[in-house]
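In what follows, a single structure is set out as structure tokens and then discussed.
The values are calculated or read from the model by the stated rules, or taken from the named source; none is laboratory data. This is a predicted model, so every value here is computed, not measured. Counting neighbours? That spans all protein chains shown, and the Cβs are built from the backbone with ideal geometry, glycine included. Keep in mind that these areas ignore ligands, DNA and RNA; they rest on the heavy atoms of the full protein, side chains included. Shrake-Rupley method; radii C 1.70, N 1.55, O 1.52, S 1.80 Å.
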Amino acid sequence: MLPLVDKPLIQYTVEEAVASGIEDIIIITGRGKRAIEDHFDRSLELEENLKGTGKSQVLHQIRQISNLANFCYVRQSEALGLGHAVLCAQHLIGNEPFAVILGDEVIDATVPALAQLISVYQKRHGAVLGVQDIPRQDVSRYGIVTPKRLANGLHRVKNMVEKPSPADAPSTLAVIGRYILPPEIFPILRKTAPGKNGEIQLTDALKELAKKSPMFAQEIKGHRHDAGDKLGFLIATVEFALKNPSLGTDFSEYLVSRANMISSDRRK
Ligand code: G1P
């Protein structure tokens, strides 16, 4: 729920899903996260208060949030890993392909990141993972694929490893929190034992799935922000503030004057 300029992080990923054609959204939450449900619900008291103030644009924006999609919530009672979190939604997903979005990765893209993966799925009919080429020293923060290049930006996934050391990484293509998965992942997840960090890793289940059916990695075109990381969050805030129509100009003037002060301090 941390706000990135003027809306919570999670809203960016919900808007990405909606812009990619997704209508039903399941949010896997945990203890102490009720604010998420309230955010995507109608806020009748707030709407009532806004009615008398002439702030009709704000009123419209508030109403729009609950109209974005059909929301449904599942609570993961213990933080047992990403694989376990996905498994918590099996009874709601049933026997259909579905998308997974990790809320701390915000991707600013002309074609929404998820839509880029959906179009690969529609042509190739296999699991599709969103990837990005990253510096080798960062591989130990991500799931890394063993790719076989098929076309520009598109790879077949032969194998995967969760958070390898730079020396052991099979490539520098990192999974960046966007997946299109078939329901066949569920029985595999049920059998997946805890892996890296003692968690049930989605990566371990995907590795098994890749042995049985074709899996693809699409390099996502767009600007990715790892908002789960302190520096990444700060950079994302600056970038979105600069793009914001009502803040961008004033904020960039502030940044320029601040940068000038920093460089004159450095020269002293
Ligand atoms: C998770 C996944 C990892 C993926 C990453 C993307 O890790 O396990 O494979 O590369 O998200 O953000 P986490 O960041 O939750 O540790």
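Stretched out straight at 0.36 nm per residue, the stretch from residue 57 to residue 184 would grow longer than its current Cα-Cα span by 41.3 nm.
Helix 9-19 versus the longest principal axis of the chain: what angle, 0 to 90°, nearest 10, using Cα atoms? So the inclination is approximately 70 degrees.
Taken about its Cα centre, the range 218-268 carries a charge dipole of roughly 240 debye when the Cβ of each Lys and Arg holds +1 and the Cβ of each Asp and Glu holds -1. Residues considered: 52, 228, 153. Largest GNM mean-square fluctuation over the chain, using C-alpha springs under 10 Å, is found at 52. If a spin label sat at a point 7 angstrom from the Cα of residue 24 along the line to its beta carbon, the backbone N atoms of the range 70-93 nearer than 18 Å would be those of 70-75, 86-93.
Over all directions, how big on average is the projection of the convex hull of the alpha-carbon atoms in the range 76-115, in square nanometres?
Values: hull surface 14.8 nm².
Result: a mean projected hull area of 3.7 nm².
Taking Cα centre as origin and charging only the Cβ of basic (Lys, Arg, +1) and acidic (Asp, Glu, -1) residues, the dipole magnitude of the range 135-268 rounds to 420 debye.
Expressed as a fraction of 2.2 N^0.38 Å, the rule-of-thumb size for a compact globular protein of N residues, what is the C-alpha radius of gyration of the chain?
Dividing the Cα Rg of the chain by 2.2 N^0.38 Å gives 1.11.
Surface listing: 46, 87 arranged by accessible area from highest to lowest gives 46, 87, probe 1.4 Å.
Once you order the gyration tensor axes a ≥ b ≥ c over the Cα atoms, which shape class does the range 125-265 get: rounded for a/c under 1.5, otherwise prolate or oblate by comparing a/b with b/c? Cα axes put the range 125-265 in the prolate bin. Once neighbouring chains are kept in place and the probe is 1.4 Å, which whole percent of the accessible area of the range 16-100 is contributed by carbon and sulfur? The C+S portion of the solvent-accessible surface of the range 16-100 is 47 percent. Estimated from helices alone, the mean residue ellipticity of the chain at 222 nm is -12000 deg cm²/dmol (sum of -39500 (n - 2.57) over DSSP H runs with n ≥ 4, per residue). In the chain, if the dipole is taken from +1 on Lys/Arg beta carbons and -1 on Asp/Glu beta carbons about the Cα centre, which of 154, 9, 117 is farthest to the positive end? Projecting each Cα onto the dipole axis, the largest value belongs to 154.
Over the range 1-126, consider all pairs of different Cα atoms and compute the Kirkwood hydrodynamic radius from their mean reciprocal separation; express it in Å, one decimal. List each step's numbers first, then the result.
On the way: mean 1/r = 0.0615 Å⁻¹.
This gives a value of 16.3 Å.
Between residue 167 and residue 211, take the C-beta separation as r, use R0 = 22 Å, and let me know the FRET efficiency to the nearest 0.05. It comes to 0.35. Heavy atoms of the protein chains alone define the surface here; on that basis the range 130-255 has 51 Å² accessible area per residue at 1.4 Å probe size. Pairs exceeding a 22 Å alpha-carbon distance, out of 148/191; 158/230; 123/211; 191/212: 148/191; 158/230. Packing, taken as the mean count of other beta carbons within 10 Å per residue, orders the peptides 249-262, 190-203 from highest to lowest as 190-203, 249-262. With a Förster radius of 45 Å, plug the Cβ-Cβ distance of residue 49 and residue 256 into 1/(1 + (r/R0)^6) and report the FRET value to the nearest 0.05. The value I calculate is 0.75. The spacing between the range 1-38 and the range 191-243, judged by their C-alpha centroids, is 17 Å.
When the Gaussian network model of the chain links Cα atoms closer than 10 Å, the mean-square fluctuations of 38, 104, 204 top out at 38. Simple point charges give the picture: +1 on the Cβ of Lys and Arg, -1 on the Cβ of Asp and Glu, and for the chain a dipole about the Cα centre of about 860 debye.
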